[in-house]
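The values are calculated or read from the model by the stated rules, or taken from the named source; none is laboratory data. These figures come from a predicted structure and were not determined experimentally. Cβ sites come from the backbone with ideal geometry, for glycine too, and all protein chains shown count toward neighbours. The protein model used for the area step is the full one, side chains on, heavy atoms only, and it has no ligands, DNA or RNA in it. Shrake-Rupley method; radii C 1.70, N 1.55, O 1.52, S 1.80 Å.
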Amino acid sequence: ADDVFVATDDRRIYDCVVNFGGKAVMTSTEHRSGTDRCYEAFCRIAGQTGKTFDVVVNIQGDEPFILPAQVTSLLSCFENPEVQIATLAKKFECNDDIFDPNKVKVVCTAGGKALYFSRSAIPYCRGVDGKQWLESTPFYKHVGMYAYRPEVLKEITSLAQGELEKAESLEQLRWLENGYNIAVRFTDHESIGIDTPEDLEKAREVLLLK
């Protein structure tokens, strides 16, 4: 990416980034979502630098293993002028994982647009034993990384929470519920999202193996 900033509401994180030579921006402590924080950071950065941006990429802090190639893949979505938002997904490889509510599932159209995201296992495999669902049909895990056109980022941060988002605690459902399209690119890279203490231990093990 041409410009990379860490957006945070914690002075300790800000100071850490600045001390190692990175760029950081302080944001409000009142944000309800990472997207709201991303939009505030975008506005501050655009104002401070005087630059205009075609696409804003939001790499969440709990996804430290994102690869540069995945950023490039997301950016390629915007070669299509109709794309408003883009994200990533990966095929599940373990049957048990599709029943883990911390691993968000996504189903898509044949053209690669998200139909729905859920903490439940989707699609439902009727008449198939739960232990064999992954053998029955592909399941896709959502990788928590987004890219937006700046004008769309502004619009979605002004939307009220919908019933789907409240039910699943997934902000991307607010966008779908309001008619926005989300392009999905598929990746083979197994990113470890850190949502629990167990995830943190797994990430440490991966780092020790490298």
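Taking region 60-72, which residues are in contact (Cβ under 8 Å) with a residue 60 or more places away in the chain and farther than 21 Å from residue 116 by Cα? Once the filter is applied, which keeps residues that are in contact (Cβ under 8 Å) with a residue 60 or more places away in the chain and farther than 21 Å from residue 116 by Cα, region 60-72 yields 62, 63, 64, 65, 66, 67, 69, 70, 71. The strands (runs of 3 or more DSSP E) falling completely within region 1-94 that include 3 or more residues that are under 25 Å from residue 176 (Cβ atoms) and either open to solvent by less than 50 Å² (accessible area, probe 1.4 Å) or among the β-branched types (Val, Ile, Thr) (or both) map to 56-59, 85-91.
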